[in-house]
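Only the coordinates and a few stated rules stand behind these numbers; no lab work does. Computed from a predicted structure; not experimentally measured. Please note: Cβ atoms are built from the backbone with ideal geometry, for glycine as well, and neighbour counts cover all protein chains shown.
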Amino acid sequence: MTTIVQKPALVIAPRRGRAARFLRWMRSDIRAVLSIGFLLALLLISILAPVIAPYPPNDQNVSLLLAPPSAGHWLGTDDLGRDVLSRLIYGAPNSLYASFLAVFVAVLLGVPVGLLVGFVGGWFDEISSRFIDALLSFPPIVLAIAVTGALGIGLTNAMLAVGFVFAPFLARLVRAQTLVVKSALYVDASRGFGASTPHIIWRHILPNAIQPVIVQVTLALAVALLAEAALSFLSLGVQPPAASWGGMLARAYNYIEIAPEQMYAPGMAILLTALAFNALGESMRVALDPTMKRR
Amino acid sequence: MHKLWRLLGRRLLQFLPILVFATFVVFGLLQLVPGDPALALAGDYASAQRIAEIRHEYGFDQPLIVQYGIWLWHAAHGNLGLSLFSSEPVTQLIWDRLPNTMFVAVYALIVASAIGIPLGVLAATRSGTKLDGFVTSTASMGVALPSFWLAMILALQFSLYRHWFPTTGSAYFFTDPVGAISHATLPAIALAVSVVATLARQVRSDLLEVLNQQYMRTLRAKGLSNGAILWKHGLRNVSATLLTLVGLQVNRLFSGAVVIEAVFAIPGVGSLVSYSAINKDFPVVQGVVLVLVLIVISVNLLVDIITALLDPRVAAA
């Protein structure tokens, strides 16, 4: 949509190699640059949390409960007198860990199943696809809640549950891609040369089926983040006293009449991070889609 | 008429395996609990005798497939067991709360369709303009917005500060329709936002695809007005996908309802399932998940049949 490439760039670009191409892409897609920048900053904050947070996350100042923002506490204090900014910073690694864990589980379960189902085909595909349809009929958060309840509440279990709930989406996507790639001529050719099935799956089908998965995985990070926030809000995710954005919102909700300003910062953090993951996913969809490339 | 019955029969047959698998997943939830499922069902303070009774009653001493059979038999007869906490029948607990959840969900679906679909059409017909850009970027915002956060902001602004709507609770639609609507308005709005965003985006891209087809150019060359092209050809072509799309939102609405019900203290099945999951009240958790997935599957089946009836190509196939 945004690319109006001047003629000279068109000629020179292929000679300049990767760095230049990357720079050109960055110039053409500000949204992607902003979201990558934001996510890198968030990663840095997560790693450096103990250094940059003004207070330890569980330090209580009992003389200062639910205080509004001040010079000492930029975002105020919560109902236990803990510094909101510090808890927001310490919440970042938990939220990132949660999103990546859930998506990792989804990929680990969904991609191999999708490959297998698509590759084997036949009645196996028929049955497995109905099973995937069945899993996709469950309201995702409700199923995640039920699985979390069964496994035992806590952040890791909650995210295993969310990953399990996402897996069928990826499986269906990979299956569809595999079906397309499987019947391509070069796969037949490879088989004709005597390539083994694992070789064909690994060298031909996986690399060609993976592109839409990369996009979906990035988008799924946003959904996982929102799911983590929701589960922590319902106190099925991160357990106190550990800091999490969803958990902070749950506390803020209890004091909404006394200290309404408590809910803005964690909500903003969730919104911006989810936006960044989504924007990155959308940009990657455009960048990876060969039909949308205008060189 | 024969054709219709054949169609119904075929769709039902296609949905049967989904139904079987879905019920199996619900049954399997209990198997995820670490340790003995009989202990999980008996609760923390059960006697050894009670545990043995449960083990026998649910067939935990028998193969898994037999256990599933027993569970399904009970479930099909409306027996979902007793709550470990209140000892009330699970079906009763769900029956009491389901109307509240359904009311908010249907309300949200109506609001979301009424706003999201026209927005998508507007953006598609004016694609590339500022309006399109505005709709598209607002929609990306709507997808990333945590609905329960929005719910908190709405509750603060419109019920705590301005008292336009009650903050918490619900009312039964058939005895107190005005109360029911005013209770459900803020929750429905909070729930609708992400659905509005999804519908607007999807309708925009589906309609754009149709409008960019070759035959559209022919229609324009024929001298048809833009309005006629949009109504007679554009929207008619996306109507089937539209229905499917709206149907698919039902399970997202139930997902959202769980959290929204917590914010507005609505006694629905969403708050029931999260409360029960925390307290390890597994029969209730299984019951709610089963009922919700059955509703989702039925809606999808219904949408499927209606789409088939509307589309001459599908009906003939």
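What the table below lists for this structure:
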| item | result |
| --- | --- |
| Relative compactness, segment B:98-181, computed as alpha-carbon Rg over 2.2 N^0.38 Å | 1.37 |
| Efficiency of FRET from Cβ geometry, residue A:180 and residue A:272, R₀ 35 Å, rounded to 0.05 | 0.45 |
| Helical contribution to [θ] at 222 nm, DSSP H n ≥ 4, -39,500 (n - 2.57), averaged over chain A, rounded to 500 | -23500 deg cm²/dmol |
| Cα-based Lys proximity count in the protein assembly as shown, under 30 Å, for pairs eight or more positions apart or on separate chains | 8 |
| Taking segment A:157-295 and dividing mean pair separation by its residue count, relative contact order in percent (alpha carbons under 8 Å, at least six apart) | 24 |
| Calculated FRET value between residue B:232 and residue B:16, using beta carbons and R₀ = 51 Å, to 0.05 | 0.85 |
| Nearest-20 debye value, segment B:91-236 charge dipole, Cβ charges on Lys, Arg, Asp, Glu | 700 |
| Estimated FRET transfer efficiency when R0 is 30 angstrom, pair residue B:24-residue B:79 (beta carbons, to 0.05) | 0.95 |
| Kirkwood Rh (inverse of mean 1/r, distinct Cα pairs), segment B:49-147, angstrom | 18.3 |
| Packing-based order for B:192-202, A:247-257, A:33-43, using average beta carbon neighbours within 10 Å, highest first | B:192-202, A:247-257, A:33-43 |
| Largest-first principal axis extents, alpha carbons of segment A:33-75, Å | 43, 19, 14 |
| Student exercise, segment A:165-254 dipole from Lys, Arg, Asp, Glu Cβ charges, in Debye to nearest 20 | 180 |
| Solution diffusion estimate, µm²/s, Stokes-Einstein, segment B:96-282, Kirkwood Rh from C-alpha pairs, 25 °C, viscosity 0.890 mPa s | 136 |
| Loop chymotrypsin sites (Phe, Trp or Tyr not before Pro), segment A:177-222, which have at most 16 other Cβ atoms in a 10 Å radius of their Cβ (DSSP) | A:193 |
| Amide proton proximity set for residue A:77, modelled H, under 5 Å, gap of 5+ | A:66, A:67, A:84 |
| Per-selection Kirkwood Rh - chain B (Cα, Å, 1 d.p.) | 22.4 |
| Packing-based order for B:156-168, A:148-160, B:220-232, using average beta carbon neighbours within 10 Å, highest first | A:148-160, B:156-168, B:220-232 |
| Per-residue average of Cβ from other chains inside 10 Å of B:147-154 | 6 |
| Overall form of chain A per C-alpha gyration tensor (a/c, 1.5; a/b vs b/c) | oblate |
| Karplus (6.51, -1.76, 1.60) ³J(HN,Hα), θ = phi - 60°, over segment B:84-101, in Hz, Gly and Pro reported as x | 5, 9, 8, 6, 7, x, 4, 4, 5, 4, 5, 4, 5, 9, 4, x, 4, 5 |
| Euclidean distance of C-alpha centroids, segment B:261-296 and segment B:100-158, integer Å | 26 |
| Karplus 3J(HN,Hα) series, Hz, for segment B:238-254 with 6.51 cos²θ - 1.76 cosθ + 1.60 (x for Gly, Pro) | 9, 4, 5, 5, 4, 5, 4, 4, 5, x, 5, 6, 4, 6, 5, 5, 5 |
| Whole-Hz couplings from phi, Karplus 6.51/-1.76/1.60, listed for segment A:148-158; x for Gly and Pro | 4, x, 6, 6, x, 6, x, 4, 5, 4, 4 |
| Estimated D of the protein assembly as shown in µm² per second, where Rh is the Kirkwood radius over Cα pairs and Stokes-Einstein applies at 20 °C, 1.002 mPa s | 81 |
| Total charge dipole magnitude, segment A:66-193, about the Cα centre, Cβ charges on Lys, Arg, Asp, Glu only, Debye to nearest 20 | 260 |
| Other protein chain Cβ atoms within 10 Å, averaged over every residue that makes up B:34-40 | 1 |
| Positive-end residue of A:226, A:60, A:279, charge dipole of chain A with Cβ unit charges | A:279 |
| Chain A: relative contact order in percent, alpha carbon pairs under 8 Å with at least 6 residues between | 22 |
| Partner chain coverage, peptide B:10-23 - average Cβ within 10 angstrom | 3 |
| Using alpha-carbon coordinates, inclination of helix A:7-16 to the longest axis of chain A, degrees | 90 |
| Computed [θ] at 222 nm, helices only, for chain B once each DSSP H run of length n ≥ 4 contributes -39500 (n - 2.57) | -25000 deg cm²/dmol |
